[in-house]
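The next block holds one structure in the form of structure tokens; read it before the comments.
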Amino acid sequence: MVLGTGKYLGLPSMIGRDRKATFAYIKDRVWQKINSWSGKCLSKAGREVMIKSVLQAIPSYVMSIFQLPTTLLDSIEKMMNSFCWGNGKSAQRGIHWMSWEKLSAPKIHGGMSFKDLAAFNLAMLGKQGWKFITEPDSLVARIFKIRYFPSGSYLTAVVGHNPSYVWRNIMRARFVVRGGARWRIDTVQLYLFLMNHGCQMGMLLVAIPQEHILSIILLLIA
């Protein structure tokens, strides 16, 4: 189903103003999984495995395309927290000894290494933007480039006029890509550049460590 309010390829075909209602089916799927396990006696370790391998994987596919509402993510995290601290056969009982924020911390810092869903959502969207840079010849990268940054790149693009909901979401995660991106000088391109400019040091610079190349270039062209 392409038109209307149904789903196409597992994703909502139409995104309305009420984002929480649009993506409510994700919360329902998490709740159904938790209820299906309520009749089983799971240990704390078993609950940890179920949360990491099943519950946290349910919204991953949608998170790679859309930024889910914060209220929805908070509700899902609360359900997982309740399931984590449940006693015996009940998924809704038990004292919450730690908040989900603390449980999301790495184990070396006293947490359980659960995912912070909001941060994971941004990371998945940033991965899509990173593919625009590293895989420019892919079909999706060419479509977005023609539509939103025909004369630039993802890092310099603007949201533009009447953008799609997907593009706005990917742009919100651009700061993640910028924060982790680094310039790298390719040794082959450097050699060609130096030889084309009449520099006989080109052959020697190929063997120089990467971290010293930029400073040498600046001295040569000064």
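The values are calculated or read from the model by the stated rules, or taken from the named source; none is laboratory data. Just so you know, these numbers come straight off a predicted model, no measurement behind them. Glycine also receives a Cβ, built like all others from the backbone with ideal geometry; neighbour counts cover every protein chain displayed.
Okay, here's what the table says:
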item	result
Within the stretch 30-85, considering residues that are closer than 17 Å to M112 by Cα and in contact (Cβ under 8 Å) with a residue 60 or more places away in the chain, the one surrounded by the most Cβ atoms within 10 Å (Cβ to Cβ)	I51
Residue in the stretch 99-115 that is under 24 Å from A24 (Cα atoms), within 20 Å of the chain's Cα centre (by Cα), exposed (fewer than 15 other Cβ atoms within 10 Å of the Cβ) and at pLDDT 90 or above present	no
Tally, over the stretch 132-142, of residues that are out of contact with any Leu (no Cβ under 9 Å at 6 or more places or on another chain), assigned to a helix (DSSP H, G or I) and surrounded by fewer than 16 Cβ atoms within 10 Å (Cβ to Cβ)	4
Selection count, the stretch 72-98, where residues are part of a loop (DSSP other than H, G, I, E, B) and modelled with pLDDT of 80 or more	1
All positions within the stretch 139-177 that are basic (K, R) and closer than 24 Å to L68 by Cβ	R147, R168, R172, R174
